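For reference, the structure is listed below as structure tokens.
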Amino acid sequence: MADKESDATVLLAGTANLAIAIAKIVAGLLSGSTALLAEAAHSVADTLNQVFLLAALHRSRKPADSRHPFGYGMERYFWALLAAVSILVLGAGFSITEGLRSIFAAEPIAALAVIYPVLAVSFLFEGSSWLRAVLQLRREAREAGVPVLTHLRSAEPAVKTVAFEDSAALIGLLIAAAGVTLAVVTGEHIWDGAASIAIGLLLIVVAFALGRDNKTMLIGRALPTDTQRELRELIASTAGIDAVLELLTLQLAPDQVLVVATVDLDDSETTGAAVEQLAEKVDVQVREAFPIVRHLYLDPTPADGRVNAGRDPSSPR
């Protein structure tokens with residue numbers, strides 16, 4: 001259900017951005033407004049990004065194989081990183097370049113009757129897409145029992161990218177409207193170019209934020225500290241385990257986590273069979289409490305430093 005909802009969110013955003021991009025290009029060419037053309041470039045970049053994000057969603061669902069034993073979940077962060085680069089190069093690059101050109105070679109704005117309706121309709125479409133993404137993030141955060149801002153750290157990158165892009169788009173539309181209005185009212189067309197540059201700077205901020213988060217996930221990020229503490233306490237509370245000596249976690253995808261726990265066993269857990277039963281018990285408890293844990297590796301290390309006979313510390317449970 002979550003995957004289907006993410007697909008629908010991205011498809012809605014892509015459809016809206018494509019329609020808006022066409023309308024902005026036509027209005028920008030008719031009016032000569034650089035700010036509107038900057039917004040058109042923004043929408044074109046966003047439309048291309050939805051293609052990247054759909055690829056991310058579908059390719060990341062490929063089943064694990066011998067070459068990728070933990071699956072393809074990391075594909076989501078790779079394609080989302082490409083989307084951030086697209087925002088930077090296409091959206092921000094074009095907006096700032098055209099803004100500077102407009103400032104040094106200002107041209108009067110025409111066809112005001114076209115500009116404002118296009119901006120208003122664009123705001124409506126972008127707002128609908130933004131609302132869907134935000135509602136999905138809020139629902140997921142509520143189900144996880146964490147604040148929305150905390151959930152953003154590990155949220156589905158496609159949905160998070162849509163939310164960031166649409167937030168920037170809504171702000172950009174307001175900037176474009178302000179730039180056009182000031183240029184017409186004051187007769188100083190520098191305001192139109194300044195609005196285009198402001199939109200470009202906004203897109204740089206969004207691209208940097210998205211790029212930083214996805215780079216972190218590609219490098220490998222652990223679960224939040226609070227979640228690690230709860231996980232450690234759950235494993236340590238299992239009968240037969242004296243303490244958790246080390247806990248390593250790695251987020252493979254928004255709903256897939258790898259956990260490696262080095263545990264100190266009590267003296268009663270000395271046989272291979274007892275260790276196997278204990279490992280199975282821990283596996284069931286952890287997966288029930290933390291469904292996102294897809295791979296759990298238990299390294300039983302007794303207090304004297306010897307690994308239990310018959311138990312490979314690297315074997316998965």
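The values are calculated or read from the model by the stated rules, or taken from the named source; none is laboratory data. Computed from a predicted structure; not experimentally measured. Every residue, glycine as well, gets a Cβ built from its backbone with ideal geometry; the counts of neighbours run over all protein chains shown. When the accessible area is computed, the model is the full protein with side chains, heavy atoms only, and any ligands, DNA or RNA have been set aside. Shrake-Rupley method; radii C 1.70, N 1.55, O 1.52, S 1.80 Å.
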Being in contact (Cβ under 8 Å) with a residue 60 or more places away in the chain and touching an Asp or Glu at 6+ places or on another chain (Cβ under 6 Å) is the filter here; which residues of the range 118-135 pass it?
E126, S129
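Would you point out the residue of the range 54-69, among those that are in a helix (DSSP H, G or I) and open to solvent by 60 Å² or more (accessible area, probe 1.4 Å), that is nearest to L124 (Cα to Cα)? Lay out the reasoning, then the answer.
Residues of the range 54-69 in a helix (DSSP H, G or I): 54-59.
Cutting the leftovers down to open to solvent by 60 Å² or more (accessible area, probe 1.4 Å) gives us 58-59.
On the way: H58: 29, R59: 31 Å.
Taking the candidates together, the pick is H58.
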Could you please let me know if A198 is within 15 Å of the chain's Cα centre (by Cα) and either among the β-branched types (V, I, T) or over 30 Å from T262 (Cβ atoms) (or both)?
no
Filtering the range 67-88 down to residues that are touching a residue at least 40 places away in the same chain (Cβ under 8 Å) and of a type in the set (A, V, I, L, M), which residue is farthest from V180 (Cα to Cα)?
M74
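Could you say which residue among G73, G91 is closer than 20 Å to R212 by Cα and out of contact with any helix residue (DSSP H, G or I) (no Cβ under 8 Å at 6 or more places or on another chain)? If you could, list the steps in order and put the result at the bottom.
Numbers: G91 fails: out of contact with any helix residue (DSSP H, G or I) (no Cβ under 8 Å at 6 or more places or on another chain).
So the residue among G73, G91 that is closer than 20 Å to R212 by Cα and out of contact with any helix residue (DSSP H, G or I) (no Cβ under 8 Å at 6 or more places or on another chain) is G73.
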The condition from (1) without any contact (Cβ under 8 Å) to a residue 60 or more places away in the chain; (2) part of a helix (DSSP H, G or I); (3) open to solvent by 40 Å² or more (accessible area, probe 1.4 Å); (4) of a type outside the set (S, T, N, Q) that A41 misses is numbered (3)
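Specify which of the listed residues (L36, L100) is at pLDDT below 90 and either surrounded by 21 or more Cβ atoms within 10 Å (Cβ to Cβ) or assigned to a helix (DSSP H, G or I) (or both). Please lay out each step first, then the result.
Values: L100 fails: at pLDDT below 90.
Among L36, L100, only L36 is at pLDDT below 90 and either surrounded by 21 or more Cβ atoms within 10 Å (Cβ to Cβ) or assigned to a helix (DSSP H, G or I) (or both).
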Within the set of pairs 6+ apart or on separate chains, which have a first residue in the range 104-115 that is part of a loop (DSSP other than H, G, I, E, B), a second that is surrounded by fewer than 17 Cβ atoms within 10 Å (Cβ to Cβ), and C-beta atoms under 6 Å apart?
A111/L30
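Scan L81, L124 and give me the residue that is out of contact with any Ser or Thr (no Cβ under 7 Å at 6 or more places or on another chain), in a helix (DSSP H, G or I), of a type in the set (A, V, I, L, M) and crowded, with 20+ Cβ neighbours inside 10 Å. Steps first, please.
Values: L124 fails: crowded, with 20+ Cβ neighbours inside 10 Å.
From the options L81, L124, the qualifying one is L81.
Suppose we keep only residues that are surrounded by fewer than 16 Cβ atoms within 10 Å (Cβ to Cβ) and at pLDDT below 90 within the range 239-248. Which one would you say is nearest to M74 (Cα to Cα)? Show your work before the answer.
First, the residues of the range 239-248 that are surrounded by fewer than 16 Cβ atoms within 10 Å (Cβ to Cβ): 239, 242-243, 245-246, 248.
From the residues that got through so far, the ones that are at pLDDT below 90 too are 239, 242-243.
Values: A239: 35, D242: 35, A243: 32 Å.
This residue is A243.
Which one of these is of a type in the set (G, A, S), within 20 Å of the chain's Cα centre (by Cα) and surrounded by 16 or more Cβ atoms within 10 Å (Cβ to Cβ): A253, A274? So that I can check it myself, show each step before the final result.
Values: A274 fails: within 20 Å of the chain's Cα centre (by Cα).
None of the others qualify; the one that does is A253.
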Top-ranked residue in the range 223-238 [being in a helix (DSSP H, G or I) and at pLDDT below 90; ranked as most open to solvent (accessible area, probe 1.4 Å)]
T225
Is it the case that the range 132-139 has a residue that's under 22 Å from L218 (Cβ atoms), in a helix (DSSP H, G or I) and open to solvent by 60 Å² or more (accessible area, probe 1.4 Å)?
no
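Would you check if Y72 is out of contact with any strand residue (DSSP E or B) (no Cβ under 6 Å at 6 or more places or on another chain), open to solvent by less than 60 Å² (accessible area, probe 1.4 Å) and not in a helix (DSSP H, G or I)?
On the way: out of contact with any strand residue (DSSP E or B) (no Cβ under 6 Å at 6 or more places or on another chain): yes; open to solvent by less than 60 Å² (accessible area, probe 1.4 Å): yes; not in a helix (DSSP H, G or I): yes.
Yes: the conditions hold for Y72.
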Taking the conditions exactly as written (under 19 Å from the mean Cα position of the chain (by Cα) and touching a residue at least 40 places away in the same chain (Cβ under 8 Å)), does A13 satisfy them or not?
yes
Take V51 and tell me if it is surrounded by fewer than 24 Cβ atoms within 10 Å (Cβ to Cβ), among the β-branched types (V, I, T) and assigned to a helix (DSSP H, G or I).
yes
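Which of the helices (runs of 4 or more DSSP H) contained wholly in the range 148-222 include at least 3 residues that are open to solvent by 40 Å² or more (accessible area, probe 1.4 Å) and touching a residue at least 24 places away in the same chain (Cβ under 8 Å)? Steps first, answer last, please.
Values: elements: 148-152, 157-186, 190-219.
It comes to 157-186, 190-219.
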Counting only residues in the range 249-274 that are in contact with a strand residue (DSSP E or B) (Cβ under 9 Å, 6 or more places away or on another chain) and polar (S, T, N, Q), the one modelled with the highest pLDDT is identified as T249
